[in-house]
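Have a look at the structure below, then the notes.
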Amino acid sequence: MLQRLIRFLRREEPSSKIASNRLKLILVQDRLGVNEEVMKDLQQEITQVLSRYFTLDKNQVEIDLQREDQAMALVANIPIRGMKGRD
Amino acid sequence: MGKVIVITSGKGGVGKSTSVANIGTALAMLGKSVVVVDADIGLRNLDIIMGLESRVVYNSMDVIDGSCELEKALVTDRRVENLKLLAASQRNNKTDVQPEQMKDVCLKLRETHDYVLIDSPAGIEQGFENASSAAEAALIVTTPDVSAVRDADRIIGLLQAKEVSDLQLIINRFAPNMVKKGDMLNQYDVLDVLSIKLIGIVPEDPSIVGSSNRGLPLIYDATSEAAGAYKRIARRLDGQDVPVPEFKAIGWFSNMFGKLFGLD
Ligand SMILES: Nc1ncnc2c1ncn2[C@@H]1O[C@H](COP(=O)(O)OP(=O)(O)OP(=O)(O)O)[C@@H](O)[C@H]1O
Ligand SMILES: [Mg+2]
């Protein structure tokens with residue numbers, strides 16, 4: 001109780017939350033042998049290509065690696081604002 | 001014909017042997033014929049956890065090199081007679097056995113028993129290869145921490161590559177109070193990244209120490225929460241539909257109450 005209150009007042013993130021985030025990153029890296037930097041580059045390039053066709057909010061693009069049974073899947077969540085006019 | 005199930009983890013000391021002893025005993029108490037196989041060659045301890053060390057005469061090495069017949073090498077449990085142990089050799093090394101040899105032994109055991117549970121050593125090397133060579137299913141044991149879950153993920157990948165597809169997860173040493181305080185990963189954090197089926201959560205339980213001192217699997221302790229968890233896992237493994245309960249943290253009120261009256 002008290003600990004949680006102190007944590008709340010200090011705006012500290014619980015260590016379990018930090019563990020969970022670290023774990024997600026570590027597993028992405030382990031599974032494909034890619035690191036965070038590669039994922040960031042990938043996200044940037046995909047955003048670049050897609051923004052030639054769509055209006056997007058660059059900060060909302062999420063790209064993640066997930067395991068689906070036997071294989072890895074690249075799962076992207078890219079909210080689209082609208083279509084770009086093409087000439 | 002029975003089923004061969006390997007209990008494995010990647011990381012050491014997360015509770016594989018404890019799980020094999022307790023699930024094996026619980027399945028036997030359900031009336032199944034069970035053999036538990038210690039595949040931790042060179043570092044055997046399943047016999048000790050089960051309190052059978054004084055009964056062990058032969059081990060799997062003697063069966064493999066032909067100096068003892070398989071049936072004769074099996075040690076019968078002291079309490080449940082349909083529970084047997086095939087001990088590991090303490091004098092040999094993991095590399096003295098080949099996966100094919102271990103596989104032959106396990107497949108033979110499967111012909112005459114409902115469940116063959118294999119206690120895998122930690123690691124991803126030959127010991128794991130031997131232990132998983134005959135397995136059609138696996139129980140992966142992890143504790144709720146980053147290192148153990150990472151290693152579990154590696155093992156899951158290796159098992160899937162071997163086409164062992166029936167994989168289920170045991171989360172061991174779960175401490176609801178720590179989860180509530182935000183100091184431990186909860187089951188959803190773990191399941192989210194590992195994406196295999198959960199077969200059970202075993203709470204952290206200090207009475208395990210006393211139970212291994214006595215060589216009496218925890219399952220015999222009627223008041224232990226971990227014992228209850230292992231009994232449910234055994235029933236799920238045997239195809240029964242048993243829900244996984246939420247483990248509740250002890251609230252500040254009952255905690256204080258407990259402290260006041262020295263129950264803590
Ligand atoms: N639920 C639990 N609560 C408290 N202690 C536990 C629990 N499960 C296991 N332990 C303790 O953790 C230690 C390691 O357990 P165990 O020997 O079963 O692990 P293991 O995975 O087989 O280890 P190894 O990799 O060395 O073979 C033991 O001292 C055991 O008593
Ligand atoms: Mg062990």
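The values are calculated or read from the model by the stated rules, or taken from the named source; none is laboratory data. Bear in mind the structure is a predicted one, so any value in this text is a computation, not a measurement. Positions of Cβ are generated from backbone atoms using ideal geometry, with glycine treated the same way; all protein chains shown enter the neighbour counts. Just the protein is used for accessible areas: all its heavy atoms, side chains included, with ligands, DNA and RNA removed. Shrake-Rupley method; radii C 1.70, N 1.55, O 1.52, S 1.80 Å.
Hey, what's the range A:2-83 come to in accessible area per residue, 1.4 Å probe, Å²? Please report the intermediate quantities before stating the final value.
Values: 6150 Å² over 82 residues.
Per-residue value: 75 Å².
Quick check: from the Cα gyration tensor, does the range A:2-83 come out rounded (a/c under 1.5), prolate or oblate? Numbers along the way, then the final one.
Numbers: a/c = 2.78, a/b = 1.50, b/c = 1.85.
Oblate.
Keeping all protein chains in position, work out how much accessible area B:Asp65 exposes to a 1.4 Å probe, and write it in Å² to the nearest 10.
100
By how many degrees, between 0 and 90 and to the nearest 10, does the Cα long axis of helix A:36-50 differ from the longest principal axis of chain A?
In chain A, helix A:36-50 runs at an angle near 40 degrees to the longest axis.
Identify the trypsin sites (Lys or Arg not before Pro) of the range B:115-193 meeting these criteria: DSSP loop state and at most 13 other C-beta atoms within 10 Å of the C-beta.
Details: sites: B:Arg150, B:Arg154, B:Lys162, B:Arg173, B:Lys180, B:Lys181; in loops: B:Lys162.
Loop-located and lightly packed - B:Lys162.
What are the residues whose amide H is under 5 Å from the amide H of B:Asp166, where those residues sit 5 or more places off or on another chain and H is modelled from the backbone?
B:Ala138
Rounded, prolate or oblate: which one fits the protein assembly as shown, using the alpha carbon gyration tensor with axes a ≥ b ≥ c (rounded when a/c is under 1.5, else prolate when a/b beats b/c, else oblate)? Before the final figure, lay out each step's value.
Numbers: a/c = 2.63, a/b = 1.48, b/c = 1.78.
Taking the square roots of the gyration eigenvalues as a ≥ b ≥ c, the protein assembly as shown is oblate.
Given a 1.4 Å probe and every protein chain left where it sits, what share in percent of the accessible area of the range B:3-260 is carbon and sulfur?
Working: 5380 of 11080 Å².
Answer for the range B:3-260: carbon and sulfur cover 49 percent of the accessible area.
Report in % the part of the accessible area of chain A that belongs to carbon and sulfur, leaving out ligands and nucleic acids; probe 1.4 Å. Walk me through the intermediate numbers first.
Numbers: 3390 of 6820 Å².
With neighbouring chains kept in place, the figure for chain A is 50 percent.
Rank these residues by their accessible area, most exposed first, probe 1.4 Å: B:Lys108, B:Lys84. Before the final figure, lay out each step's value.
Numbers: B:Lys108 120, B:Lys84 50 Å².
Greatest to least solvent exposure: B:Lys108, B:Lys84.
Using a 1.4 angstrom probe, figure out how much accessible area the range B:111-184 has per residue, in square angstrom, rounded to the nearest whole.
Details: 2530 Å² over 74 residues.
With all protein chains present, the range B:111-184 gives 34 Å² per residue.
Percent relative contact order of chain A, based on C-alpha pairs within less than 8 angstrom and at least six residues apart?
21
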